[in-house]
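Throughout, read-outs are computed from the coordinates displayed, never taken from laboratory work. As the structure is a computational prediction, the values presented were derived from the model and not from experiment. So basically every Cβ, Gly included, is an ideal-geometry build from the backbone, and we count neighbours across all protein chains shown.
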Amino acid sequence: MKASGEDGKAPAGGPWEECFEAAVQLALRAGQIIRKALSEEKRVSTKTSAADLVTETDHVVEALILQELQTRFPSHRFIAEEAAAAGAKCVLTPSPTWIVDPIDGTCNFVHRFPTVAVSIGFAVNQETLQSSSMLCVPGTRGLGGCSPGIRPFWGLGDLSKALVLTEIGPRRDPATLKLFLSNMERLLHAGAHGVRVIGSSTLALCHLAAGTADAYYQFGLHCWDLAAATVIIREAGGIVMDTSGGPLDLMSCRVVAAGTREMAVLIAQALQTINYGRDDERPLAFMGSQTKKVLFTPLMHPARPFRVSNHDRSSRRGVMASSLQELLSKTLDALVVASQLVTLVLEEDGTVVDTEEFFQTLGDNTHLMVLEQGQKWTPAGSHTPARWPPQRRGIAKVTFDLYKLSPKDVIGCLNVKATMYEMYSVSYDIHCTGFKAMLRSLLRFLSHAAQVTGQCLVHMGTYMLRVLAETEEQAVPGSRPRRGIKSG
Ligand code: IPD
């Protein structure tokens with residue numbers, strides 16, 4: 001825990017003394033809760049990515065800190081990590097503002113890696129106050145407490161002998177990882193003794209303040225990771241600046257810190273920027289999808305199979321994923337998509353899959369499509385089938401339709417319909433409503449059938465005679481065709 005004045009000495013009184021005392025007590029209480037929960041089973045949820053975690057302890061500790069501070073300082077403003085994840089705005093005004101990270105290093109906390117901190121920063125006129133920034137570091141006692149007035153030894157600003165700290169940040173898409181690794185590579189090429197990732201931005205800054213590392217840089221951290229720890233660095237005589245080399249902007253999601261200005265500038269010059277946007281310009285968002293806090297749902301959903309394609313469906317892959325972020329990351333890899341700004345949609349109707357909750361409702365083997373900037377979803381069925389099914393042409397069809405004219409009918413009526421070549425049809429209704437009617441109908445039908453049969457026989461006979469006459473005429477050339485039947 002750190003609490004000291006601008007000159008390195010603990011403040012005796014002063015306008016913010018009461019705030020300072022309240023924060024110290026809260027940080028100690030929060031530390032006890034975290035220390036106890038560290039080894040216990042946790043309920044974990046994801047936020048902006050599969051690597052951006054939150055537990056119920058983060059919520060409990062944040063609620064404790066905010067409730068106490070709000071009760072004691074009702075006119076003050078608040079920015080807190082989990083409230084921001086739930087959509088609260090992060091606006092730093094000149095008003096007295098508390099900037100709270102209940103557990104910095106939540107991923108460590110989930111894995112029981114004992115490098116976590118409570119960070120309670122306090123800013124007035126948009127500057128974090130040196131006399132009112134507190135840090136509680138369970139498990140690494142004393143790290144944030146470099147004695148006032150004693151300056152750590154940071155070498156001579158020589159990058160080639162430096163031990164540099166950094167943090168990965170929440171994104172895991174290939175483009176961001178490439179930049180992250182290339183920044184590490186640049187520092188190692190420049191001769192840095194080592195680059196370390198310890199899992200807590202706050203504690204990395206505290207290591208620097210304690211003189212156990214020479215520099216720190218990161219893209220993708222937040223104001224609550226920085227607010228308290230930057231004060232500790234400055235109190236220790238170190239430098240905190242923007243990665244552009246300009247003054248630190250708490251809301252810019254990036255930082256370089258070092259023991260000396262020369263070292264900080266050397267590091268800043270070596271880095272390629274990873275753009276994470278600003279804390280004060282969004283509800284936390286990633287790849288077009290709005291961050292939603294998912295409270296108390298189990299983190300480790302089993303990995304499930306999905307089918308993913310590019311926008312014109314020319315490339316398809318199968319991927320296994322347990323979260324939306326994992327799916328996005330694996331999809332970008334599988335389809336070799338370099339862009340960071342992509343949208344995932346359902347292939348069948350273009351519905352955007354942009355929240356973890358929605359993703360978890362999708363069935364196994366759901367087909368998804370990845371759209372890069374400027375690309376649009378199009379329906380799948382616009383192609384012509386290569387072979388149409390063979391068309392059937394009817395020659396003759398006979399249908400029977402049995403129906404009743406009234407409920408009292410014994411059998412009802414039978415309709416017989418014959419259709420030839422789908423064009424000509426003959427229909428006949430047999431009324432069988434009573435015994436007599438049935439008999440009448442039967443007789444009528446038989447006489448009808450006899451007439452039709454007779455007509456058919458006459459037509460057939462005539463046709464056969466014509467064929468015979470033509471055959472005989474071809475056999476006796478010159479003779480006149482004979483018509484009719486020779487009898488006797
Ligand atoms: C995170 C940790 C992590 C860093 C992230 C931070 P949280 O804080 O400090 O090491 O890479 O940028 O946001 O989420 O554990 O409070």
Could you tally the net charge around Ala80, taking each other residue with its Cβ under 11 Å from the Cβ of Ala80, Lys/Arg +1 and Asp/Glu -1?
-4
Protection-proxy order for peptides 313-322, 106-115, each taking the mean of Cβ atoms within 10 Å per residue, highest first:
106-115, 313-322
Just list whichever of Lys36/Lys89; Lys89/Lys330; Lys404/Lys436 have alpha carbons separated by over 26 Å in the model shown.
Lys36/Lys89; Lys89/Lys330
Cα centroid of segment 56-83 to Cα centroid of segment 159-220, whole Å
30
Among 120-126, 267-273, how do they line up by average Cβ neighbours within 10 Å per residue, starting with the highest?
120-126, 267-273
Full-extension gain in nm, Arg43 to Val197, via 0.36 nm per residue minus C-alpha separation
53.0 nm
Give the calculated FRET efficiency between Gln360 and His189 to the nearest 0.05, with a Förster radius of 51 Å applied to their Cβ-Cβ distance.
0.75
For segment 7-78 the translational diffusion coefficient, Stokes-Einstein from a Kirkwood Rh over Cα pairs at 25 °C and viscosity 0.890 mPa s, in µm²/s, is roughly 170
